[in-house]
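Below is one structure. I have some questions about it.
All of the numbers you see were taken from the coordinates with simple rules; none came from a lab. Note that this is a predicted model, so its numbers are computed, not measured. Here Cβ is always computed from backbone atoms with ideal geometry, including for glycine, and neighbour counts include all displayed protein chains.
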Amino acid sequence: MPTPAKPRRAKRRKPNPYLAWAKRLERTRPGLVDFTLDGLASIYGQPPWARRWDPTSELILTILTQNSADVNAEYAFIELRKAYPSNRPIEHHEPGPGWGGAGLPDGVPPDWTLVDMAPLEELVEVIRPGGLPNGKARGIKAALRAIHEARGDYSLEFLGEMAALDARTWLTNIKGVGVKTASVVLLFSFGMPLMPVDRHVERVSRRVGLLPAKATSDQAHDYFLAMLDPSRTHEAHVNLIRHGRLICHSQRPAHELCPLRERCRFVDPKAP
Ligand code: SF4
């Protein structure tokens, strides 16, 4: 008589580490996310969302901000407009709170075909006023090439029809476009609930204790997705940035002005 086959054990699903953290945080420090957002809203208000401008301009401007101040990225974008003008209607940049530059003046958008076709060395010289031009020129050309190869033009408006995480994956599949850049484009051009984590957001969140100590900067994006009510993503991003710039400085943070101090683990490692 043949030996009966052993019943297969059902495979245990690996727990999602981001959701597990969000649950643990709520269990050990209840209400901390809302406490943080409400505290920040008490001094900065709840910023209304408004579309900054079209997603291709947003992507290229965000590449120009990588490791540079927003105001320098603006200089470089203005040079792009001058060097490669298109015959499209004048575009308006709606920077909103959270943007660290002055906001771009209205102007004719660059012709993305000309930028794509420009010799690399020429593009490097054009965007030099923004700093770190070599890597950024490569990044811009790679992004425009990838969009054109996939879509036949340079528009990213189709991303607005996709689910947020699918759209993020589409963008991060482009070489040089990381999860922060993709999240900026999708949050500010389409209002998708994706949290860009820049150095200010990361510093304040780590100090308060919203992120696990070992989380990498990239992982921080997904921890926020698990913790945040999607309707507060834009508010969380903008107000954490403002707080990092105005009060929770990297050196000598102004704890005495901070509405988060009674629950901040940087001030008190045992804070509730
Ligand atoms: S209490 Fe101090 S360290 Fe904590 S969030 Fe406020 S300013 Fe930053």
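State to the nearest 20 debye the size of the charge dipole of the chain about its Cα centre, where the only charges are +1 on K and R beta carbons and -1 on D and E beta carbons.
So the magnitude is around 2060 debye.
Which cross-chain or sequence-distant (5 or more) residues have an amide H under 5 Å from the amide H of E91, H modelled 1.01 Å from N in plane?
Correct list: G107, V108.
Across every pair of different alpha-carbon atoms, what Kirkwood hydrodynamic radius in Å does the range 159-272 reach?
Values: mean 1/r = 0.0675 Å⁻¹.
One over the average 1/r among Cα pairs gives 14.8 Å for the range 159-272.
Order by neighbour count: S57, S42, fewest other Cβ atoms within 10 Å first, most last.
S42, S57
Show me, for the range 128-136, the HN-Hα J-couplings you get by feeding each phi into the Karplus relation (A = 6.51, B = -1.76, C = 1.60, θ = phi - 60°), rounded to Hz, glycine and proline as x.
3, x, x, x, 6, x, 5, x, 5
Mind listing which chymotrypsin sites (Phe, Trp or Tyr not before Pro) in the range 39-130 are in a DSSP loop and have 16 or fewer other Cβ atoms within 10 Å?
Here the sparse-neighbourhood loop sites are W49.
Here's another thing I want to ask about it. Which of the listed residues, L260, L144, P129, is farthest toward the dipole's positive end in the chain, when Lys, Arg count +1 and Asp, Glu count -1 at the beta-carbon?
Selected residue: L260.
Also, quick follow-up: Normalised by the empirical 2.2 N^0.38 Å for globular proteins, what value does the Cα Rg of the chain take?
Relative to the rule-of-thumb radius for its length, the chain sits at 1.16.
Another one. Which pairs in the list K23/K175; K136/K175; K14/K175; K141/K214 are over 23 Å apart, alpha-carbon to alpha-carbon?
Too far apart for the 23 Å limit: K23/K175; K14/K175; K141/K214.
Under a Cβ-only charge scheme (Lys and Arg +1, Asp and Glu -1), can you give me the dipole magnitude of the range 55-190 about the Cα centre, in debye to the nearest 20? Show your work: numbers first, answer last.
On the way: 12 positive and 17 negative charges, 81 e Å.
Magnitude of the dipole: close to 380 debye.
Which whole-Hz couplings ³J(HN,Hα) result when phi for each residue of the range 214-224 is put into the Karplus expression 6.51 cos²θ - 1.76 cosθ + 1.60, θ = phi - 60°, listed in order with x for Gly and Pro?
Couplings: 8, 5, 7, 4, 5, 5, 3, 4, 7, 4, 5 Hz.
Which residues' amide hydrogens lie under 5 Å from the amide hydrogen of M192, considering only partners 5 or more residues apart or on another chain, with H built in the peptide plane?
Amide H to amide H, under 5 Å and 5 or more residues apart or across chains, M192 pairs with L187.
Follow-up. In whole Å, largest first, what are the principal axis extents of the Cα atoms in the range 55-190?
36, 34, 30
Whole-Hz ³J(HN,Hα) for each residue in the range 160-174, computed from phi via Karplus 6.51 cos²θ - 1.76 cosθ + 1.60 with θ = phi - 60°, x for glycine and proline: what do you get?
The phi angles translate into x, 8, 9, 5, 3, 6, 5, 5, 5, 5, 4, 6, 6, 6, 7 Hz.
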